[in-house]
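> First the structure, which I've put down as structure tokens, then a few questions once you've had a look.
Laboratory data are not the source of any read-out in this text; all were calculated from the coordinates shown. Computed from a prediction, not measured in an experiment: that's the story for all the values here. Cβ placement follows ideal geometry from the backbone for every residue including glycine, while neighbour counts extend to all protein chains displayed.
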Amino acid sequence: MSFDMLKDRFEELYQQPANAISIAPGRVNLIGEFTDYNDGFVLPCALEYATRVLYRQREDDKIVVHSMSYPGEKDEFSASEEITKGDSQWGNYIRAMAFVFKRAGFALKGVDLLIESDVPQGSGLSSSAALEVSIGGVFNAIGGFGLSEQRIAVLGQEAENDFMDCQCGIMDQLISAEGEKSHALLIDCENLETEAISIPEDLSIVIVNSNYPRKLVDSEYNQRRIDCEQAASKMGVKTLRGADLDKLAQAKSDMTENEYKRAHHVITENSRVIAATVALKNNDMDALRSLMTGSHVSLRDDFEVTVPATDGLVTICQEALGDRGAVRMTGGGFGGAIVCLCRAEDVDSIKAAVTEKYHAQFDLHADIYVCKAGNGLAVTSF
Ligand code: ADP
Ligand code: MG
């Protein structure tokens, strides 16, 4: 939808024009899966798909919100009263941000909000983080709190953890807040330090969503977290960041098979992330392929978060690309998406192979997104 149409829609809804916009993108993780909550390394990039929030401060203390994705539904609550869950499923993300801002001691102001987004929801591109971070950008700007992007990201993670009951790590919100056009971001999740890594001009990022119906995701996700914590404690380290393969071998006899395998994934994945930053800097496709393949195999066999549909998609794309690309699952697993890095001229062969083989093998239709690395949070008045 064009910017002018969106502004018109805002004025229709609120009888006043918007005077500012907050924009935050979705993301894809190139490598470093399930390492964020173990204080490890991740290498995501922000996408050009983004969530835009038009807004205008109100005279009273009401927070009123509409979303172009849910026409006819609005949510409204008072910034000065206790924030609890409401009837609107998506409205709760805005309440979640209000809740964490207030809990952190920031006095919120009333605001009219209109959300519009081209980040597909539930497709593994993290539309929820894009929403949290864009709303955080609004609250920060109208309150004049002067928060850093990092602080807004941490508040977004708290919103998801403590209000939406999803125990995600920091990656999605941090890359949405701090992403840089044409760059991936190496994030050290132990201290949230980042290093922007330039993505070679001739590299295309293709995301293929399996559309596999995700089931039991929360319980499985939480069990993986517990296994990782147990494994760390049996090695005598605070988190798996402090572990290495020697410590793992020494503690193996004290561990359950799953604790050992989960820790083995995280330890080796952290090394692959660091190696991948070098490979990306050098535009070394052979190295990227071997690291991304290694990551996928480890997620399949050690962390056990792939499903036949995502394994199958990876195989289909690997066969289509041969030695001209690198492929692995990305995101939270148990379905979701895969990511391919390849040259622009090979994007069509991915599309053709997925169209020809995926539905025939898995009775599902995949969505394909050809992406570029975009900017993180931006808030502009007009
Ligand atoms: P994802 O993998 O896309 O983050 P989630 O289930 O975590 O999937 O988040 C999707 C939820 O985020 C939606 O169900 C909705 O509540 C909220 N959401 C995302 N984008 C929008 C939007 N444009 N408008 C309103 N709510 C949105
Ligand atoms: Mg999400």
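> If we count every other residue with Cβ under 10 angstrom of residue 29's Cβ, Lys/Arg +1 and Asp/Glu -1, where does the sum land?
Values: positive: 27, 328; negative: 33, 36, 172.
Neighbourhood net charge equals -1.
> Above 34 Å lies some portion of the pair distances; for the chain, what is it as a whole percent of all C-alpha pairs? Working shown, then result.
Numbers: 21227 of 72771 pairs.
Within the chain, distances greater than 34 Å cover 29 percent of Cα pairs.
> By average Cβ neighbour count within 10 Å, what is the ranking of 172-179, 6-13 from highest down?
172-179, 6-13
> How much length is gained if the chain between residue 107 and residue 293 is pulled fully straight, taking 0.36 nm per residue apart and subtracting their Cα-Cα distance, in nm to one decimal?
Length gained between residue 107 and residue 293: 62.2 nm.
> Sticking with this one: Mind pulling the angle between the C-alpha long axis of helix 149-158 and the longest principal axis of the chain? Nearest 10 degrees, somewhere in 0 to 90.
80
> Ordered by residue, what ³J(HN,Hα) values in Hz, to whole numbers, does the stretch 367-372 give under the Karplus form 6.51 cos²θ - 1.76 cosθ + 1.60, where θ = phi - 60° and Gly and Pro are x?
Going residue by residue, I get 9, 10, 10, 9, 10, 10 Hz, with x marking Gly and Pro.
> Suppose R0 equals 56 Å; then what is the FRET efficiency for residue 278 and residue 85 from their Cβ-Cβ distance, rounded to the nearest 0.05?
Numbers: r = 45 Å, r/R0 = 0.81.
Result of the calculation: an efficiency of 0.80.
> Could you list 253, 78 in order of exposure, starting from the residue whose Cβ has the fewest other Cβ atoms within 10 Å?
Listed from fewest to most nearby Cβ atoms, that is 253, 78.
> While we're on this one: Using a Cα-Cα cut-off of under 26 Å, which lysines could be cross-linked to residue 281, ignoring same-chain neighbours fewer than 8 residues away?
Cα-Cα hits under 26 Å: 181, 372.
> Related question: Residue by residue through the stretch 124-130, which ³J(HN,Hα) values in whole Hz follow from phi under the Karplus form 6.51 cos²θ - 1.76 cosθ + 1.60 (θ = phi - 60°), with glycine and proline marked x?
Values, residue by residue: x, 9, 6, 5, 5, 5, 4 Hz.
> May I ask you to order 339-351, 110-122, 189-201, 149-161 by the average number of other C-beta atoms within 10 Å around their residues, highest value first?
Descending packing order for the listed peptides: 149-161, 110-122, 339-351, 189-201.
> In addition: Using a ≥ b ≥ c from the Cα gyration tensor of the stretch 1-115 (square roots of the eigenvalues), is it rounded, prolate or oblate, where a/c under 1.5 gives rounded and otherwise the larger of a/b and b/c decides, a/b for prolate?
Oblate.
> Another one. Please go through the stretch 206-306 and write out the trypsin sites (Lys or Arg not before Pro) that DSSP classes as loop and that have at most 15 other C-beta atoms within 10 Å.
Filter output for the stretch 206-306: 215, 238.
> Go through 50-58, 363-371 and give me the packing order, highest mean Cβ count within 10 Å leading.
Highest mean packing first, the order is 50-58, 363-371.
> Here's a follow-up. For a bin width of 5 Å, list the pair-distance distribution of the stretch 143-209 built from all Cα-Cα distances, rounded to whole %.
For the stretch 143-209, the pair-distance distribution reads 4, 15, 21, 20, 18, 14, 6, 3, 0.
> What is the sum of charges around residue 263, taking Lys and Arg as +1, Asp and Glu as -1, for the other residues whose C-beta is under 14 Å from the C-beta of residue 263?
So the environment of residue 263 carries a net charge of -3.
> Tell me which residues come under 5 Å, amide H to amide H, from residue 50 once H is placed; ignore anything under 5 positions away on its chain.
26, 118, 119
> Using the Karplus curve 6.51 cos²θ - 1.76 cosθ + 1.60 with θ = phi - 60°, what ³J(HN,Hα) values do you get for each residue of the stretch 255-271, in whole Hz, with x for Gly and Pro?
Listing the rounded values in order: 9, 6, 4, 5, 4, 4, 5, 4, 5, 4, 4, 5, 4, 6, 5, 4, 5 Hz.
> Another one. Just check the stretch 203-371 against the gyration tensor rule for me: Cα atoms, a ≥ b ≥ c as the square roots of the eigenvalues, rounded for a/c under 1.5, and otherwise prolate or oblate depending on whether a/b exceeds b/c. Provide the component values of the computation, followed by the final result.
Working: a/c = 2.83, a/b = 1.57, b/c = 1.80.
Oblate shape, in that a/c is at least 1.5 and b/c is the bigger or equal ratio.
> Note down the relative contact order for the chain as a percent, whole number, built from C-alpha pairs under 8 angstrom at least six residues apart.
Relative contact order here is 23 percent.
> What is the local net charge at residue 277, summed over the other residues whose Cβ is closer than 12 Å to its Cβ (Lys, Arg +1; Asp, Glu -1)?
Around residue 277, the surrounding residues sum to -1.
> If you don't mind, there's one more thing I want to ask. Return 171, 1 ranked ascending by Cβ neighbour count within 10 Å, so the fewest neighbours appear first.
Numbers: 171 27, 1 11.
The most exposed by this proxy come first: 1, 171.
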